[in-house]
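Engineer: Let me begin by handing over the structure; questions about it come next.
The values are calculated or read from the model by the stated rules, or taken from the named source; none is laboratory data. Bear in mind the structure is a predicted one, so any value in this text is a computation, not a measurement. All Cβ positions, glycine included, derive from the backbone under ideal geometry; neighbour counts span all protein chains shown. These accessible areas exclude ligands, DNA and RNA; they are computed on the full protein's heavy atoms, side chains included. Shrake-Rupley method; radii C 1.70, N 1.55, O 1.52, S 1.80 Å.
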Amino acid sequence: MDSGGERLTASEIHTELASLQTAKAAIDERISTLESLLKNITTEDESETASSTPAAAETPLTGQLTADMIYRYSRHLLLPSFGVEAQSNLLNSSVLVIGAGGLGSPALLYLAACGFGRVGIVDHDVVELNNLHRQIIHTEAYIGRSKVESAAATCRAINSTVRIVEHKEAFRTSNALDIMKKYDIVVDATDNAPSRYMISDCCVVLGKPLISGAALGLEGQLTVYNYNGGPCYRCLFPTPPPTTACQRCADSGVLGVVPGIIGCLQALEAIKVAGAVGEPLSGRMLLLDALSARIRIVKIRGRSLQCEACGENAPMTEEQFRNFDYEKFTQSPLSTSPLKLDLLPEDARITSKEYYEKNIKGEAHVLIDVRPAHHYKIISLPNSLNIPLSSLEQRLSEISEALGRKEESASLYVVCRRGNDSQRAVQYLRGAGFNLAKDIIGGLESWAHDVDPKFPTY
Amino acid sequence: MDSEKEERISIKIKVLFFARARDLTGMTDMSLEVSPGTTALGCLDKVITKFPGLEEIRNCMVLALNEEYTPESTVVKDRDELALIPPISGG
């Protein structure tokens, strides 16, 4: 449109942008619906005409490859150790990627690009701004929208000949078997312990190879499980780690490229398994140490005869799998929603709004921020004193001194990021003689939510 | 004299820490002196005595000796590398 003569005000531009974006979202939605309808029709057609000749345009020239396929995958075909055979194997294979996050993003990009016949994506989450530094399949335009839709759109844009199947749901024991049955290979790109056990068990029950990757901080791990008589996840880790040892990227942080590397390696292993080339990383575990630029490959144990999932005596059945409580087993939730503790009586807590009002009124108080120092550096409330929870015990005197500088009746408040550590701190402080200590419910997140929407969250 | 004798009868291994074990010890590796005949389990016990925090993950990690899975009963040799590998679940 020629806008040469147009004089639009900022608010008019905003209005028009908003309306265009709404229209675009509606169109995208419709495209996605039509695509999935078409996909179903294609599936039906295929099942009806499975044995009949494919359409003329699709007529294979060499073995199973059409002219377009030969051109698109030519660099694979030129590899003597890969060639037509492995490429045909890929085209006839299907892979399920569980999780469209830091690991799933690069894995999906390559799996779609390289020519798997069918790629399934499972996730129930939506794209958030703080995902984009590592979840490179998503773009800003998809913030607030389904990760599966976003990932599927990118995959289709890269390779429209691959059938992309969207599973916009959480992977649970109730739907796991039905979803996984339709695929040959499974990629675990999830971010929590219960999902890892559940996916491994499901692979054992259904006899599917599992490409398992994990990344946190500056480290990554990769193994192929349940492949050719090799061990499963439970053979290696029969006992789940305690909740305290299960760290999440949302708490501990992760350097974006680290899951990127592991996700690429997952795609590589999936290609090797599906293409039937090379030696998949079974019975071995790759450990990536990004900071020291070291990759170690450790030989791990073989299958355990005593394994509760794949052991000789009691291989897990579909029914046992459906009834297994993975959240109870690992003592941690399947969803990645953060833990919400409730350790304190009501009179030992105040809301962020109440704290705000007391502060405005000039109530004498000391505010202790018990987050780790590197969190405190990101953002903090004015006049707060940073004493990380881990050093609280040794630094009680600083609290006494700070209180000593105030009026006699000064209050003592404790804040953290989400309101869990602050409760632990108050519990400890009350036991140590600070009987009036109170925590700010919901931490700085509630401050940003209820008091100051401009306060940065992370 | 005593310490010389001690040196002769003790062996030195390198312990490598990964993931959570790295957080709990604050280091990526350490050198550990043990007496000959000590098993991987014995070494692990000694490391945990030094870093009691590791107790929380002692039952949920892979032990590897010289980059190979090892049963806890394996006897370590001088200059062996014992790796403590807890699972990562993030992604």
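Engineer: What's the number of the only condition in (1) buried (at least 19 other Cβ atoms within 10 Å of the Cβ); (2) on the phi < 0 side of the Ramachandran plot that residue A:283 fails to meet?
Structural biologist: Single failed check for residue A:283: (2).
Engineer: Next question, about the same structure. Pull out all pairs, ordered by first then second residue, where Cβ-Cβ is under 7 Å, the residues are six or more apart or on different chains, the first lies in the stretch B:15-35 and is away from every other protein chain (no Cβ under 14 Å), and the second is at pLDDT below 95 and open to solvent by 50 Å² or more (accessible area, probe 1.4 Å).
Structural biologist: Close Cβ pairs satisfying both conditions: B:35/B:9.
Engineer: Step by step: first the residues of the stretch B:64-91, then only those that are closer than 22 Å to residue A:221 by Cα and touching a residue at least 60 places away in the same chain (Cβ under 8 Å), then the one that is most open to solvent (accessible area, probe 1.4 Å). Which residue is that?
Structural biologist: Out of the qualifying residues, it is B:81.
Engineer: List the helices (runs of 4 or more DSSP H) inside the stretch A:226-296, counting only whole elements, that have at least 2 residues being touching a Gly at 6+ places or on another chain (Cβ under 6 Å).
Structural biologist: Here the list reads A:249-252, A:257-275.
Engineer: Being away from chain B (no Cβ under 12 Å), out of contact with any Cys (no Cβ under 6 Å at 6 or more places or on another chain), over 26 Å from residue A:132 (Cβ atoms) and crowded, with 24+ Cβ neighbours inside 10 Å: is that true of residue A:224 here?
Structural biologist: yes
Engineer: Among (1) more than 26 Å from residue A:194 (Cα to Cα); (2) within 14 Å of chain A (Cβ to nearest Cβ); (3) among the β-branched types (Val, Ile, Thr), which single condition is residue B:11 missing?
Structural biologist: (2)
Engineer: How many residues are farther than 24 Å from residue A:100 by Cβ and either open to solvent by less than 40 Å² (accessible area, probe 1.4 Å) or more than 8 Å from chain B (Cβ to nearest Cβ) (or both) when one looks only at the stretch A:243-263?
Structural biologist: Residues in the stretch A:243-263 being farther than 24 Å from residue A:100 by Cβ and either open to solvent by less than 40 Å² (accessible area, probe 1.4 Å) or more than 8 Å from chain B (Cβ to nearest Cβ) (or both): 2 in total.
Engineer: Here is a further query. Would you point out the residue of the stretch A:192-221, among those that are away from chain B (no Cβ under 11 Å) and open to solvent by 10 Å² or more (accessible area, probe 1.4 Å), that is nearest to residue A:257 (Cα to Cα)?
Structural biologist: My answer is A:209.
Engineer: For the list (1) more than 10 Å from every other protein chain (Cβ to nearest Cβ); (2) without any contact (Cβ under 8 Å) to a residue 24 or more places away in the chain; (3) part of a loop (DSSP other than H, G, I, E, B), I need the number of the one condition that residue B:59 fails.
Structural biologist: So residue B:59 meets the others, but not (1).
Engineer: Any idea which of B:44, B:84 is within 13 Å of another protein chain (Cβ to nearest Cβ) and modelled with pLDDT of 95 or more?
Structural biologist: Exactly one of B:44, B:84 is within 13 Å of another protein chain (Cβ to nearest Cβ) and modelled with pLDDT of 95 or more, namely B:84.
Engineer: I would also like to ask the following. Quick check on my filter: what residues within the stretch A:192-218 are part of a helix (DSSP H, G or I), under 21 Å from residue A:105 (Cβ atoms) and not small (Gly, Ala, Ser)?
Structural biologist: Result: A:196, A:199.
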